[in-house]
Amino acid sequence: MVKLELVTKRSGVEETPTKAAVLSKIDKVVEEVGAWLAERQSKDGHWAFELEADATIPSEYILLNHFLDKIDDEIEGKLVSYLKKTQGDHGGWPLFHDGDFNLSASVKAYFALKLAGESSNEPYMRWARKAILEHGGAAKANVFTRFTLALFGQVPWRAVPVIRVEAMFLPKWSLFHIFKVSYWSRTVMVPLKILAALKPKARNPREIGIPELFVIPAYEQRLYVTNPTGAWLGYLMVALDYIFRPFESLIPKSIEKKAIGLAMEFIMDRLNGEDGLGGIFPAMANALMAFDSLGMSDKQDEYIICRKAIDRLLVLHDDWGYCQPCLSPVWDTGLATHALLEAGYTQENIIIKKANEWLCKRQILEVQGDWIANRAHVRPGGWAFQYWNDYYPDVDDTAVVIMALHRSNPDKYQKSIERGAQWIIGMQSKNGGWGAFDADNDHFFLQNIPFADHGALLDPPTADVSARCIGMLAQLGYERTDPVVLRGLNYLRECQEDEGSWFGRWGNNYVYGTWSTLCAFNAAGEDMHARHIRHAVNWLKYVQRPDGGWGEDCSTYWQHRRDEVKTSTPSQTSWALLGLMAAGEVESDSVSRGIKYLLNAEREGGDWHEEYFNAVGFPRIFYLRYHGYSSYFPLWTLSRYRELMKAKSKFPMFGL
């Protein structure tokens, strides 16, 4: 492990290639990578690269099968191979490649492996068990893990906070209304409330348990529910949990039954076909377990479609495989289109034409999703992250898609562009920023409830998403004096970090946030020599590594570790370079060395080698590796460098 550090000198003397030689090499790489990317386009025009998370999702897939007694030994055998492969040197499982031991991920992985037939006496299982016990045992795992263990009878139900389905009755103005939390929390929690009410027990046909993972026997452990924040409000919430628990049995079953009916109505309205509830695995899995617990036949249409949505997430190879947390076709297609446009592909090219037509057909124009809770006056017009997720369009995806359509052919796609832009404008939060799926989803007191120990209950505005919206509006011709743009720019200035960077909520991390924000400022006509801009530029140059690249470890989401880096990566190097070029630094030494890193980095066809995770679902809890990032971002970066070096202007023309 090394720290991000200022590079003051480089050892050795090497011949500097001429500008013409560098551009010639870039031409060849861009042509090769562009062709590689184009070949991977689906027949209907979209791209969908793999989206990998940690061991938790494949573990939960196995746990789900055994809850339902729907065991598939062939598939589970492949997932077992993946779990073995991703075990860390510490004996447990990390949240990201080469990361630290994580207790909750390790408990689920161990339990899943044992359910799938692995002996607890295997050396790697003994190693994992030792690591888990050294970190306090399964009783110290997070709330979601303990909930799973309760379903399997491995811990008592008092191991999880009180979760009442009757909360579905709460009026919108109440503190704990379901629309006060983020979309992902909402879609996970509603079926979870049904399970909490019914308290079903997993079928678990092999009768597997994990008592060996508890320091104190699970049913003798007294205090499970803890304060997630350490704040006084957190302690109050824990106290209320313990006070209310003895009175749960007094709630009439008739009221509980009606509340379950409301929860089921919520789920059925948003079931989302083969794309699944919320388009995310945890929500789908909870929904399927709720269906089963309510006695729904596995021959019923809703049950079948829910199961299909889950199985679509599997990535299976000959002897190993894993389960994705969700699918990312709209995001991949939007970004891949940008990269190819930058590489010189035009709307006349069938590759771009097919991509744009596919994207246009995915625009959500009819369904008023959950976002109307705070923006009832706004017309639908966004795009989802997945193939379909009509109730939950994504602000970030929408901005990216609009910019791609506008770059391709603003006249042809005018209606789609205008409709999407109006939705984006309507989704601006009161503080001037944008969240990913909701407006003004910033009820931070909810982070203190015992259920929220994952710290990702909300969807407040963030710099990266806000920057994408500002960049989009600027590209469409909105002036920086426009009230929406002006408020957004003020928000971005206010949330700059002390050292000059911006936080990256959806990509790792400060390099991602800083790239996004510099692109927005450039597009909006900000003075790129202004103090706050140069502060950001200096930070990017400061954190460049000796090999010319950039890299940030996923551990930077812990404040005391925010400077950690293990290696340079193609994705993060691309973001840093795009950010510097947005600030007019195309001819700087830092950009030159970064371009050299990309040209010399290990690559197979159009895919640069990148093992490290490059994105985040929930900081400190859930991380992602977009397999497409190491292709289209380097292509985009090299292409932009080539064009700017040839152009009269040294600043990009677009919002991204």
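The table for this structure:
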| quantity | calculated |
| --- | --- |
| The one condition in (1) open to solvent by less than 40 Å² (accessible area, probe 1.4 Å); (2) in contact with a Gly (Cβ under 9 Å, 6 or more places away or on another chain); (3) at pLDDT 95 or above; (4) in a loop (DSSP other than H, G, I, E, B) that residue 500 fails to fulfil | (2) |
| Every pair of residues 6+ apart whose Cβ atoms lie under 8 Å, when the first sits in the stretch 477-494 and is under 12 Å from residue 461 (Cβ atoms) while the second is surrounded by fewer than 20 Cβ atoms within 10 Å (Cβ to Cβ) | 491/431 |
| Conditions (1) modelled with pLDDT of 95 or more; (2) in a loop (DSSP other than H, G, I, E, B); number of the one not met by residue 630 | (2) |
| Residue under evaluation residue 35, criteria (1) farther than 20 Å from residue 151 by Cα; (2) hydrophobic (A, V, I, L, M, F, W, C); (3) open to solvent by less than 30 Å² (accessible area, probe 1.4 Å); (4) part of a helix (DSSP H, G or I), criterion not met | (3) |
| Exclusive hit being more than 23 Å from the chain's Cα centre (by Cα) and touching a residue at least 60 places away in the same chain (Cβ under 8 Å), set 160, 143 | 160 |
| Residue check, residue 406 at negative phi, assigned to a loop (DSSP other than H, G, I, E, B), open to solvent by 10 Å² or more (accessible area, probe 1.4 Å) and touching a helix residue (DSSP H, G or I) at 6+ places or on another chain (Cβ under 8 Å) | no |
| Subset of the stretch 411-424 that is closer than 14 Å to residue 347 by Cβ and free of Cβ contacts under 8 Å to residues at least 24 places away in the same chain - its residue that is most open to solvent (accessible area, probe 1.4 Å) | 411 |
| Unique residue being closer than 25 Å to residue 513 by Cα, out of contact with any helix residue (DSSP H, G or I) (no Cβ under 6 Å at 6 or more places or on another chain) and at pLDDT 95 or above when the list is 414, 422 | 422 |
| Residues of the stretch 87-103 classified as within 14 Å of residue 566 (Cβ to Cβ) and touching a residue at least 24 places away in the same chain (Cβ under 8 Å), total | 6 |
| Where residue 51 falls short, out of the listed (1) over 22 Å from residue 345 (Cβ atoms); (2) modelled with pLDDT under 95 | (2) |
| Failed criterion for residue 105 (all others in (1) in contact with a Gly (Cβ under 9 Å, 6 or more places away or on another chain); (2) closer than 18 Å to residue 452 by Cα; (3) surrounded by fewer than 19 Cβ atoms within 10 Å (Cβ to Cβ) hold) | (3) |
| Residues that are in a helix (DSSP H, G or I) and more than 26 Å from residue 633 (Cβ to Cβ), drawn from the stretch 459-484 | 483, 484 |
| Every residue from the stretch 304-319 that is within 19 Å of residue 64 (Cα to Cα) and either open to solvent by 10 Å² or more (accessible area, probe 1.4 Å) or aliphatic (A, V, I, L, M) (or both) | 304, 305, 307, 308, 309, 310, 311, 312, 313, 314, 315, 316 |
| Lone unmet requirement of (1) open to solvent by 10 Å² or more (accessible area, probe 1.4 Å); (2) closer than 24 Å to residue 592 by Cβ for residue 447 | (2) |
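Residue-by-condition table, conditions (1) touching an Asp or Glu at 6+ places or on another chain (Cβ under 6 Å); (2) basic (Lys, Arg); (3) within 23 Å of residue 461 (Cβ to Cβ):
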{"residue": "371", "(1), (2), (3)": "yes, no, yes"}
{"residue": "396", "(1), (2), (3)": "no, no, yes"}
{"residue": "411", "(1), (2), (3)": "no, no, no"}
{"residue": "423", "(1), (2), (3)": "no, no, yes"}
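The values are calculated or read from the model by the stated rules, or taken from the named source; none is laboratory data. From a predicted model like this one, the values you see are computed outputs, not experimental measurements. Counting neighbours? That spans all protein chains shown, and the Cβs are built from the backbone with ideal geometry, glycine included. The area values use the complete protein model at the heavy-atom level, side chains included, leaving out ligands, DNA and RNA. Shrake-Rupley method; radii C 1.70, N 1.55, O 1.52, S 1.80 Å.
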